[in-house]
Amino acid sequence: MFGEDPFSEIFNQLAGGREHSSGSTRTQAQSLLNTIESKKQTILIFDLSGKKIDSVEIEDDIETNEYGERVHNGQKVLAIGLESDETLKYVLPRSIAKRKVSHTFSNGILEVSLIK
């Protein structure tokens, strides 16, 4: 079709059928400052200087396969919604439960507590 990138389908197949959307969602690892683990919880500390937080939640990681279907890959991600309509995503270990997450945000430092 006119305007489509002829190589995008080839690259999607080489990448296992995953489409990576450009836009307001991105995986963010460089802002993670520290991880503190105990038997009952994991605390993630992020440097988000100059940003304002709208939401912090755990979501299922959804990918688009080679057939255009949205499928769950079994992973959980921490989705940090910013006021700029941008969402930062951090892939979580499988031991993290979806039911309990709490956070504090002060002076550009986001501290997220996740119950295992």
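The values are calculated or read from the model by the stated rules, or taken from the named source; none is laboratory data. These numbers come from a predicted model, not from an experiment. Methodologically, a virtual Cβ is constructed for each residue, glycine included, from the backbone with ideal geometry; neighbour enumeration extends over all protein chains shown.
Summary of computed values
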quantity	calculated
Residue tally, condition touching a Lys or Arg at 6+ places or on another chain (Cβ under 7 Å) and over 25 Å from residue 115 (Cα atoms), over segment 67-83	1
Within segment 36-46, tally of residues that are loosely packed, with under 13 Cβ neighbours inside 10 Å and either at pLDDT below 85 or polar (S, T, N, Q) (or both)	1
Strands (runs of 3 or more DSSP E) fully within segment 33-116 counting 3 or more residues that are out of contact with any Gly (no Cβ under 6 Å at 6 or more places or on another chain) and of a type in the set (D, E, K, R)	53-64
Members of segment 80-102 found to be closer than 14 Å to residue 49 by Cα and surrounded by 13 or more Cβ atoms within 10 Å (Cβ to Cβ), listed by number	80, 82, 88
Residue satisfying all of: in segment 47-56; surrounded by 15 or more Cβ atoms within 10 Å (Cβ to Cβ) and in contact with an Asp or Glu (Cβ under 8 Å, 6 or more places away or on another chain); nearest to residue 115 (Cα to Cα) among these	53
Number of the condition not met by residue 105 [criteria: (1) surrounded by 15 or more Cβ atoms within 10 Å (Cβ to Cβ); (2) of a type in the set (A, V, I, L, M, F, W, C); (3) more than 22 Å from residue 34 (Cα to Cα)]	(3)
